[in-house]
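Read through the structure below, which is laid out as structure tokens, and then see the notes.
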Amino acid sequence: MIVNLASNGWEIIYHRAHALLAAQIAGQWQRANAPERLYETIAAISHHDDLEKEWEGNELTDAGAPLDFTLGRSSDIEPLRKHLEEAYYRGRWVTLLNSKHICFLNQDQWGQSKEWDEFLNEQVKNQEKWRKELGISKDQAERAYQFMLWCDTLSLILTRKRIPDAGRSLEITSGIDGQRYDLRQLEDGCLTVEPWCFEDDRFTVNVETTCLEQLQFEDNAALVAALKAAPMKTLEWTFTKVEE
């Protein structure tokens, strides 16, 4: 989960909600420059964090605070296999993009153990197999994944409150065709991306966040109970095109 410190406690954003925000962003992309199999790609983006189940497992720091996702990641391979098996219900394209994302997130595991090498090598072989079966070139598959990563990165910038102030620009990624895209906040509070890469000149996206006033919790059961009972609010961001 994504944990932000608030003036009266914590703001919690579930990873699946963050993924849904990323899918909203993807849905706004300009159609003329969209990746292959756009709607299936949006489905992959929407479901790429289905592995995350914040009401299960350990979600507390040693001090009893809600655990932000950047502070810990499981090294267990089996949940990753299960995630890909479930993605396969949606089709090979969704599974291919999720598999590429898992390899990207765990690239530092190459050479760490026999189990990880076997798992990652298996993913590379499966990706090639699915790509050939679908009639998709390697470049097309990579472009679609870079699009997925771009939307995921922008969603994380928003949900983690990393938008720079004073009109400064922040690079999102440069993976799509080598094009750099920058995020910038305007004087009226709206956001823009330069160069503009969306279908409409103005749109709004949102995510739901859970508001916790309690700072520490005795155990995970107490945290889960608090999360389920806590009020929620909707965060919104409006993007607008800036005329040159």
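Throughout, read-outs are computed from the coordinates displayed, never taken from laboratory work. Since this is a predicted model, take the numbers as computed values, not measurements. FYI the Cβ positions are ideal-geometry reconstructions off the backbone, even for glycines, and counts take in every protein chain you see.
Please get the size of the charge dipole for region 2-240, origin at its Cα centre, with Cβ charges of +1 on Lys and Arg and -1 on Asp and Glu, quoted in debye to the nearest 20.
Using Cβ point charges on Lys, Arg, Asp and Glu, region 2-240 gives about 640 debye.
What ranking do Ser75, Ser46 get, fewest neighbouring Cβ atoms within 10 angstrom at the top?
With the sparsest Cβ surroundings first, the list reads Ser75, Ser46.
What is the sum of charges, Lys and Arg at +1 and Asp and Glu at -1, for the other residues whose Cβ falls under 13 Å from the Cβ of Glu40? It would help to have the intermediate numbers written out before the result.
On the way: positive: Arg37, Arg90, Arg92; negative: Glu36.
That sum, taken over residues with Cβ under 13 Å, equals +2.
Any chance you could list the semi-axes, whole Å, largest first, of the equivalent ellipsoid that the Cα gyration tensor gives for region 52-198, using √(5λ)?
Equivalent-ellipsoid dimensions as semi-axes: 30, 24, 13 Å.
Roughly how many nanometres apart are two label points built 7 Å out from the Cα toward the Cβ at Met232 and Arg184?
Inter-label distance under the simple model: 3.5 nm.
Quick one: Kirkwood hydrodynamic radius for region 108-165, alpha-carbon pairs, angstrom, one decimal?
Values: mean 1/r = 0.0719 Å⁻¹.
Averaging 1/r across every pair of different Cα atoms and inverting gives 13.9 Å.
Report the number of Lys pairs in region 2-240 whose alpha-carbons are under 16 Å apart, with separation of 8 or more residues or on distinct chains.
10
Using only the alpha carbons, work out the radius of gyration and Dmax of region 53-108 in angstrom.
Rg then Dmax for region 53-108, in Å: 13.7, 42.
According to a simple spin-label model (label point 7 Å from Cα along Cα-to-Cβ), what is the distance in nm between Gln140 and Gln30?
A separation of 2.2 nm, rounded to one decimal place.
Taking 0.36 nm per residue of sequence separation and subtracting the Cα-Cα distance, how much length would be gained by fully extending the chain between Val242 and Glu199, in nm to one decimal? Walk me through the numbers on the way to the answer.
Values: separation 43, 0.36 × 43 = 15.48 nm, distance 1.37 nm.
That pair, Val242 and Glu199, stretches by 14.1 nm at full extension.
Shape call for region 1-104 from the C-alpha gyration tensor, a ≥ b ≥ c root eigenvalues: rounded (a/c under 1.5), prolate (a/b greater than b/c) or oblate?
oblate
From the phi of every residue in region 111-121, what ³J(HN,Hα) in whole Hz does the Karplus formula 6.51 cos²θ - 1.76 cosθ + 1.60 yield, where θ is phi - 60° and glycine or proline is x?
Each residue's phi maps through the Karplus curve to give x, 7, 7, 4, 4, 5, 4, 5, 5, 5, 5 Hz.
Any chance you could run the full-extension gain for Gln216 through Val124? It's 0.36 nm times the residue separation minus the Cα-Cα distance, nm to one decimal.
On the way: separation 92, 0.36 × 92 = 33.12 nm, distance 4.20 nm.
Here the segment from Gln216 to Val124 would lengthen by 28.9 nm.
Can you give the translational diffusion coefficient of region 32-71 in µm²/s, computed by Stokes-Einstein from the Kirkwood radius over Cα pairs at 25 °C and 0.890 mPa s?
190
How many nm separate the modelled label positions at Lys53 and Leu105, each set 7 Å beyond the Cα in the direction of the Cβ?
1.5
How many angstrom separate the Cα center of region 106-151 from the Cα center of region 48-64?
That distance is 26 Å.
Using a Förster radius of 25 Å, what is the FRET efficiency between Tyr39 and Glu171 based on their Cβ-Cβ separation? Nearest 0.05, please. Working shown, then result.
Numbers: r = 28 Å, r/R0 = 1.10.
Efficiency at R0 = 25 Å is approximately 0.35.
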